[in-house]
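Novice: Structure below; questions to follow.
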Amino acid sequence: MPDPIRENPTALLSGLREILGDKGLLTDDAARLVYARDASHLTLGRPLAVALPHDESQLRRVVGLCRAAGVPVVCRGTGTGLSGGAVPGNGALVVGTSRLTDLGPVDSLQRRVRVQPGVLNDGVSRHASASGLHFAPDPSSQSAASIGGNIAENAGGPHCLRHGVTLQHLVSLEWSDADGRALDTGRAVSVERGLDLVSLLCGSEGTLGLVTSADLKLVDNPADVATLLAFFPDLDDAAGAAVGLLGEGLAPVAVEMVDQAMLLAVEEAFGFGFPTDVAAAMITEFAGQSEAVAEDCERASALLRRHGAREVRQAADESERAELWKCRKKAFGAVGRLAPNYVSMDVVVPLGELPGLVREIQVIKARHGVEIATTFHAGDGNLHPGVHYDERDPDQSRRAHAAADAIIRAALDRDGSVTGEHGVGIEKLHVLPWQLGDETARLQRGIKEIFDPQDILNPGKVHPPADAGFAALKPAPAGIDFHWANLTVSAPADASLAQLQQSAMERGFWIPVGTIALDEGVGLGRGTTVGNLVAELLTGPALCPGGTVRDYLLELWAETGDGHLFHAGAPVFKNVAGYDLVHMLCGSGRVWAQPRAATFQLRPVPECLGYWRFPLPSDELQDVARLDRLAEYLAGRDGSLGGPMMIVDAQSARSVVVMAPGRNRPWDLDRIEKDLVNLLGKPTEQIALPFNRASEILTDELIGGWALNSSDWTFLSRLPGDEGGSNFWPAAMRRLIWQSTPRLVWSPDPTTTFPGWHADRFCSEGLVLPPCAPAPGVPRDFLKRMKILFDPSGALETPRWLEGQDD
Amino acid sequence: MTDPRPSSAVMDVDHLDELLRQCVQCGLCLPHCATWLATGNEVQSPRGRLLLLGELIRPSDTNTAAASDAFLQAFDQCIGCRACETACPSGVPFTLLEYGQLRATEVPPLRSGLPVPAVPGAVLRRMDQTAFLGFLSRVGDLVRGVLTVVAGKTWRRRLAGGPAGTGRLVRLLGSLPTSARSDTELVKMLDGLCGRETQLVGGSPNFVGLEIPDHLPSGPGVAFFRGCANAGLLPGTSRRLRDLLSASGCRLEEPGSQDCCGALATHTGRPGRAADLRRRNREAFAGALTDGTVIVAEAAGCSHELKEYGDDFRTGVVDAVVMLAGLDLPPMGSVPLKVAYHDPCHARHGQGIIDEPRKLLAAIGGLEIVEPAEPEVCCGSGGAWGLRYPELSDELGRRKAADLAATGADLVVTSNPGCLGQIADGLQVIAPDLPILPLTDLLWYAALLRIDSSRP
């Protein structure tokens, strides 16, 4: 049956105008021309019109109307994307978010803020600066890029080395599906279990839904920052130095690099006065407590020199530091001075492969006779070679694209990914099949069909054709397999986690999840496996800095309900090649797929653990205020070595234990102790011991009661020998829960009463927990269809809420 | 001697095309562009305008007529603040492209192509005449007085109902500080803010003047460029600047045959008049240029426009703020206020003047400088632009006023009369208790405090 609106766009346009008003709908030629492009220089056609909704409801109604009319919708932030993700095809409606710019109040206790998608990345940090906080993802386009765009592409940036990419800074999202329904990802805290829709939507490039508001995590501004600038006469040496920095167990917040060609462009643009006769310039930044920063800088300088740096200088003050970063962040724009066109690339390889890839790019450059200028997020193994050409010269243009494809092949040969942070868009559609396996691509297409059956949300992006000829399945590891140069470890699902962690710690690294048994017999999560860690999202009593294993899981092999083995992700620190099945499935139990093997990122292990016990006075109200202050202090601590934690004594609630990982230096734990004494008075007990002996104090008795995961503001509980626990929970703590996290309230039976409640998680010895039911607002119809996609015969566990008809 | 603009430079399509290809479409210009910030419409952004220009000179389809109309409209709505040029990492010469297009294509000259709505042409044509502006300024005082009596504090809102451009013009004039002419008013106002009472001595309170010490060594020679708006609308400020220059040892001369710099004529699409004014000023300052006398222009808009005359003027003309910052100013008293400086685009983007005004403020004892968010974004005055696009201009003025008010400042200062009126108007709506003054007035007051206290 012919659709009246589709036959006649005037009817659609008048419907849209009714929703948006005259000023909210642009139909003129100028708008259609301008909005046909973004920063990628790619085009598909001319959009039908441009909608600029000024509230979330307008946006949803516009999407719903387009769905009804069968007209494609392309969501756009500020058009700073480099892969053509926001480029519309002929006749599509562009929905711009530039007028959705509301910023909620900063919650400085929970370190969160809710924003609309049109708010600019920089704007969030400016907004939070009065609270001493900032939004950590910092793509070079951050002054102009919108949060909505950052989420759609899962944007990275230099400081993602320490803090992680955009995904790791999202708590939850509100979004509109293709029907214009108001939906929620339903995640109150990032350690929540279940199929993680935040991970799925983040990086989906507007093909599954449109984000209408985002609850963002903020991080504390560091007490001290130091930035080193090093010049290398040899590019290989520079790449080797980047690997060396991290391999030595240093924890820089950023390791950035530009090659000579890029340095020349930046020099011409800004005249910083850098030497231009060097092969590479590298920026290394450390942040945190002054003494630690000073010590790290000293070690790093020596290391950089050892690796062949000709000169290492430190930014003298904040303005010099800002200049250095300006040089790095404006490098991209400065390439306009080098050539009229360039292929902008975004390959990423395992860290240890960086020097090899750098050498191979030199060969490719010579073989194809092209000019290449490169910027590197060197610490992440992510690089942006820009292959120059002039589109007016067809031969040059052909050679440039051939060289670009050769670089991508080289990265994939090294177990890398075609894109670390720019996204697939339309630009990388032809190379994505070189990376993705058949089964993975089939699942990704299946997800798209579930969320957008009519294919109206940003069609033609992300998904290569079904017959594209996908890559062979990558073999899963047979045993625990450390890749020390890459700082990763792969292991099959049945490998012992304790054994993995012990081997890692012998070399000074670990997967920083506090769950982990430090030996087989004692402590948390004993006897658990790698598969369990991934499936159940086991979280520890806060010795983890950023949150959960989701933040360190890079690669996953899993089996669908009907027995298809698939592989998702890559052993690299950043990867946005297609939907993020790895993190979507992490923590989803064994409802959708069975984990078979996984690759994790390794981080430096803390040197020691401090332990203090303070008495609590009997006055309940005073307790709450003091614990609040303590919690706020702990949440603001630098988490590079693992966040500190507090535990209110389970037995009496008359004392509080604080534990903090740190360095084995007088200035580190002493500083914390001084602060704690100021807050709580004199401790009754204090211990400092090497970190690998932490299990001596992490006894069942201690952790059996209360733990406040200070870095994630999650309350964890396990009440030994107490089923309901209501008599056991001190009134003061109950109040604290109410006050601090209104979305997580106490209940005698939290796992059934409160969806998403993850009590009992961290020390569940052999305990199998029922999968959480999704929170209100999470589309159960989608989840049910996802279940059919992953487990068509119902061979895997099926919780009750997944059965029956769509609600 | 080259004028970057096409009135004297020839630019062909190929050259334009080359320049345009420097734009990598990165979009970093967007948040610096006032019209994009106000509308959220990328057609009203530097990148959008350049994409349209590209379409115009290398058409990808046959619809160039439509593109050229859209282009005209988009470029007409550009304020010309040049914030995008400061922001652009690729160094795209936006203004050059904007003007270059006019020469290279058949499109009729833009600035004369579209009429200024509502403001009568007769008024507009005389906007660059000092005497007329002086008259307008007094009319503004009168109108404000009458309107306040008749309509109370809501006069601003009521004016919104009138013909847009005219209502806005009257409103802006009515917003200029009354201290612009009267020293007594200025001292009273700043005394009030500081919580002190300065006794004015020496003749008419309106012409206190700064005493020029006899022992000063002979300083640089200065040829003073009055500027029509300052002379007409802010005669007191103009005099105070001369006071400060003299008190710092400058030997002041004021070539009598000087005229408006021509910026307004250019903005309102009268290139003939602009060229005529330029010729007259060239004659008036020919002597200064040859004997190395510094030409000091008071308003940032004037110094910017004069520098565009050519290389000789670019090196010979110094903005008053830069001049003052390089002089040994008379000793200053303490002004215990939080002060926010608003950067006029003509200074910040046109001439790269950022540190100098802050250095001048930092020299005043007891004063705390506070920085507003988005200091690089235009206030939306734009000379005649604000009269053509009153709604957009109002929105930007209020946005700027809100940013300035959010600093917690006690006082805002700036150094261009257009910005002064625009922000004063915005502040009336956003933060009526936050005053704005020319930077010169604050410096003069601080110097006066010391002189006053040293007098018997």
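Novice: Cβ contacts < 6 Å: first residue within 14 Å of A:Asp29 (Cβ to Cβ), restricted to segment B:44-59; second residue buried (at least 24 other Cβ atoms within 10 Å of the Cβ) and among the β-branched types (Val, Ile, Thr), any location; separation 6+ or different chain. Result?
Specialist: B:Gly48/A:Val34; B:Leu51/A:Val34
Novice: Among the residues of segment A:336-361, what is the count of those that are more than 14 Å from chain B (Cβ to nearest Cβ) and of a type in the set (Ser, Thr, Tyr)?
Specialist: The number of residues fulfilling the criteria is 0.
Novice: Identify the single condition in (1) crowded, with 22+ Cβ neighbours inside 10 Å; (2) out of contact with any Cys (no Cβ under 7 Å at 6 or more places or on another chain); (3) within 12 Å of another protein chain (Cβ to nearest Cβ) that A:Ala39 does not satisfy, given that it satisfies every other one.
Specialist: Looking at each condition in turn, A:Ala39 falls short on (2).
Novice: Within segment A:581-633, which residues are part of a strand (DSSP E or B) and either closer than 30 Å to A:Thr440 by Cα or modelled with pLDDT of 90 or more (or both)?
Specialist: A:Ala593, A:Gln594, A:Pro595, A:Arg596, A:Ala597, A:Ala598, A:Thr599, A:Phe600, A:Gln601, A:Arg603
Novice: Which number in (1) in contact with a helix residue (DSSP H, G or I) (Cβ under 9 Å, 6 or more places away or on another chain); (2) outside any helix (DSSP H, G or I) marks the one condition that A:Arg399 misses?
Specialist: (2)
Novice: Would you pick out the residues in segment A:263-280 that are in a helix (DSSP H, G or I) and crowded, with 20+ Cβ neighbours inside 10 Å?
Specialist: A:Leu263, A:Ala265, A:Val266, A:Ala269
Novice: Which condition does A:Arg126 not pass, out of (1) more than 13 Å from chain B (Cβ to nearest Cβ); (2) modelled with pLDDT under 95, if it passes all the others?
Specialist: (1)
Novice: Here is a further query. For segment A:159-174, check the following and say yes or no: at least one residue is aliphatic (A, V, I, L, M) and either within 13 Å of chain B (Cβ to nearest Cβ) or more than 29 Å from A:His384 (Cβ to Cβ) (or both).
Specialist: yes
Novice: What residue, of A:Ala316, A:Ala322, is more than 10 Å from chain B (Cβ to nearest Cβ), outside any helix (DSSP H, G or I) and more than 23 Å from A:Ala402 (Cβ to Cβ)?
Specialist: A:Ala316
Novice: Give segment B:24-53 a look and list any residue that's part of a loop (DSSP other than H, G, I, E, B) and farther than 18 Å from A:Val87 by Cα, or say none.
Specialist: B:Cys29, B:Cys33
Novice: Can you find even one residue in segment B:417-425 that is over 18 Å from the mean Cα position of the chain (by Cα) and surrounded by fewer than 24 Cβ atoms within 10 Å (Cβ to Cβ)?
Specialist: no
Novice: Can you confirm whether A:Leu33 is of a type outside the set (Phe, Trp, Tyr) and under 20 Å from A:Ile456 (Cα atoms)?
Specialist: No.
Novice: If you check A:Gly149 against the conditions, is it touching a Lys or Arg at 6+ places or on another chain (Cβ under 6 Å) and either surrounded by 23 or more Cβ atoms within 10 Å (Cβ to Cβ) or more than 14 Å from chain B (Cβ to nearest Cβ) (or both)?
Specialist: Considered against the rule, which asks whether it is touching a Lys or Arg at 6+ places or on another chain (Cβ under 6 Å) and either surrounded by 23 or more Cβ atoms within 10 Å (Cβ to Cβ) or more than 14 Å from chain B (Cβ to nearest Cβ) (or both), A:Gly149 comes out as no.
Novice: Further, regarding this structure: Report yes if A:Asp215 is under 30 Å from A:Gly460 (Cα atoms), surrounded by fewer than 24 Cβ atoms within 10 Å (Cβ to Cβ) and touching a helix residue (DSSP H, G or I) at 6+ places or on another chain (Cβ under 9 Å), otherwise no.
Specialist: Criteria not met by A:Asp215.
Novice: Here's another thing I want to ask about it. Which condition number does A:Gly333 fail, the rest of (1) in contact with a strand residue (DSSP E or B) (Cβ under 9 Å, 6 or more places away or on another chain); (2) within 14 Å of chain B (Cβ to nearest Cβ); (3) modelled with pLDDT under 85 being met?
Specialist: Condition not satisfied by A:Gly333: (1).
Novice: Out of (1) surrounded by fewer than 20 Cβ atoms within 10 Å (Cβ to Cβ); (2) more than 27 Å from A:Pro453 (Cα to Cα); (3) touching a Gly at 6+ places or on another chain (Cβ under 9 Å), the odd one out for A:Gly21 is which?
Specialist: Every condition holds for A:Gly21 apart from (3).
Novice: If only one of A:Val113, A:Val106 is surrounded by fewer than 24 Cβ atoms within 10 Å (Cβ to Cβ), away from chain B (no Cβ under 14 Å), touching a residue at least 12 places away in the same chain (Cβ under 8 Å) and on the phi < 0 side of the Ramachandran plot, which one is it?
Specialist: The match here is A:Val106.
Novice: Can you pull out every residue in segment A:374-410 that is farther than 20 Å from A:Ala241 by Cβ, touching a strand residue (DSSP E or B) at 6+ places or on another chain (Cβ under 8 Å) and not hydroxyl-bearing (Ser, Thr, Tyr)?
Specialist: A:Gly386, A:Val387, A:His388, A:Asp390, A:Glu391, A:Gln396, A:Arg399, A:Ala400, A:His401, A:Ala403, A:Ala404, A:Ile407
Novice: Right, here's the next one. Inside segment A:17-27, can you point out the residues that are closer than 14 Å to A:Ala92 by Cα and facing another protein chain (nearest Cβ under 9 Å)?
Specialist: A:Leu26
Novice: A further question on this structure: Just one of B:Leu241, B:Leu190, B:Leu210 is among the aliphatic types (A, V, I, L, M), under 25 Å from B:Leu337 (Cα atoms), modelled with pLDDT under 85 and crowded, with 18+ Cβ neighbours inside 10 Å; which is it?
Specialist: None of the others qualify; the one that does is B:Leu210.
Novice: Just one of B:His342, B:His304 is assigned by TED's automatic domain parsing to the domain that holds B:Glu376 and closer than 25 Å to B:Leu404 by Cβ; which is it?
Specialist: B:His342
Novice: List the number of the failed condition for A:Phe600; all other conditions in (1) more than 26 Å from A:Ala466 (Cα to Cα); (2) of a type outside the set (Val, Ile, Thr); (3) in contact with a Gly (Cβ under 9 Å, 6 or more places away or on another chain) hold.
Specialist: A:Phe600 satisfies every listed condition except (3).
Novice: Another question, if that's okay. Going through A:Val74, A:Val62, A:Val94 one at a time, which residue ends up being at the interface with chain B (Cβ under 10 Å from one of its Cβ atoms) and under 25 Å from B:Ala38 (Cβ atoms)?
Specialist: None of the other options fit; the residue is A:Val94.
The values are calculated or read from the model by the stated rules, or taken from the named source; none is laboratory data. Computed from a prediction, not measured in an experiment: that's the story for all the values here. Virtual Cβ from ideal backbone geometry, glycine too; neighbours counted across all protein chains shown.
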